[in-house]
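Encoded as structure tokens, the structure appears first; notes follow it.
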Amino acid sequence: MVAEQIAGRGVGDARVLAAMREIPRHLFVAEPDRANAYIDAPLGLEHGQTISQPYIVALMTELARPRPTDRALEIGTGSGYQAAVLSRLVDRVFSVELIAALADTARERLIGLGYRNVTVRQGDGYLGWPGEAPFDIIIVTAAPDDIPPALVWQLRPGGRLVIPVGPVGGVQDLVVVEKDQAGSLTKRSVIPVRFVPMVKKK
């Protein structure tokens, strides 16, 4: 998976590649899909959600440029796979999942597998996690129409936000937002992607 689908497609960060080799993806997918866990494709989860294809997980992680001292925020815990990858690359991971059942299952899975530096809570991803802000990196695994202002506010100067942005059911842009030390923002689109929509809490 790593050699052909990830490194072979241009992801070159050695730490990211090592984390992708280490994390047992088959333990983060639904049991009927375990035979397909290492193919380069998204797989379905409960409640209409998905686990992203390995290449996209690796690319988004590389774009965030994680460092060992970083505090990371993930929006959209899902099965916990992206959080597990980040856990091997940063100091602390805070992950927000809208769907309570997914948050509970991911929390139990991550604790059971020994990922002790990940904290999962149920909540509205549009609001981020103000009580733990600021964050050095933020990775969003569902697509809003526009970048939520709260996430930009919670990004530390010098930090990076990686997020798919675009319409529900259409082609979205994978966007990297960088905040400089003065608080000014730069944005760039990397590739077209398709993610499940980012949903606000009712």
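Would you be able to tell me the number of residues in the range 63-84 that are closer than 15 Å to ILE163 by Cβ, out of contact with any Pro (no Cβ under 8 Å at 6 or more places or on another chain) and not in a loop (DSSP other than H, G, I, E, B)?
6
Is it the case that some residue within the range 69-89 is at pLDDT 95 or above, aliphatic (A, V, I, L, M), farther than 25 Å from PRO192 by Cα and crowded, with 21+ Cβ neighbours inside 10 Å?
For the range 69-89, residues at pLDDT 95 or above, aliphatic (A, V, I, L, M), farther than 25 Å from PRO192 by Cα and crowded, with 21+ Cβ neighbours inside 10 Å: present.
In the range 152-183, which residues are surrounded by fewer than 19 Cβ atoms within 10 Å (Cβ to Cβ), in contact with a Pro (Cβ under 9 Å, 6 or more places away or on another chain) and more than 20 Å from ALA41 (Cα to Cα)?
TRP153, ARG156, PRO157, PRO167, ASP180, GLN181, ALA182, GLY183
From (1) assigned to a strand (DSSP E or B); (2) of a type outside the set (Phe, Trp, Tyr); (3) closer than 15 Å to ILE75 by Cβ; (4) over 18 Å from the mean Cα position of the chain (by Cα), pick out the condition that doesn't hold for PRO157.
Status for PRO157: all satisfied but (3).
Identify, from the list TYR38, TYR55, the residue that is among the hydroxyl-bearing types (Ser, Thr, Tyr) and crowded, with 18+ Cβ neighbours inside 10 Å.
That would be TYR55, the only listed residue that is among the hydroxyl-bearing types (Ser, Thr, Tyr) and crowded, with 18+ Cβ neighbours inside 10 Å.
If LEU102 satisfies every condition in (1) free of Cβ contacts under 8 Å to residues at least 40 places away in the same chain; (2) touching a His at 6+ places or on another chain (Cβ under 9 Å) but one, which is the exception?
Single failed check for LEU102: (1).
Step by step: first the residues of the range 94-151, then only those that are assigned to a loop (DSSP other than H, G, I, E, B) and polar (S, T, N, Q), then the one that is surrounded by the most Cβ atoms within 10 Å (Cβ to Cβ). Which residue is that?
THR141
Please give the number of the condition ARG9 fails out of (1) more than 29 Å from ALA150 (Cβ to Cβ); (2) surrounded by 14 or more Cβ atoms within 10 Å (Cβ to Cβ); (3) basic (Lys, Arg).
ARG9 satisfies every listed condition except (2).
The values are calculated or read from the model by the stated rules, or taken from the named source; none is laboratory data. Since this is a predicted model, take the numbers as computed values, not measurements. Please note: Cβ atoms are built from the backbone with ideal geometry, for glycine as well, and neighbour counts cover all protein chains shown.
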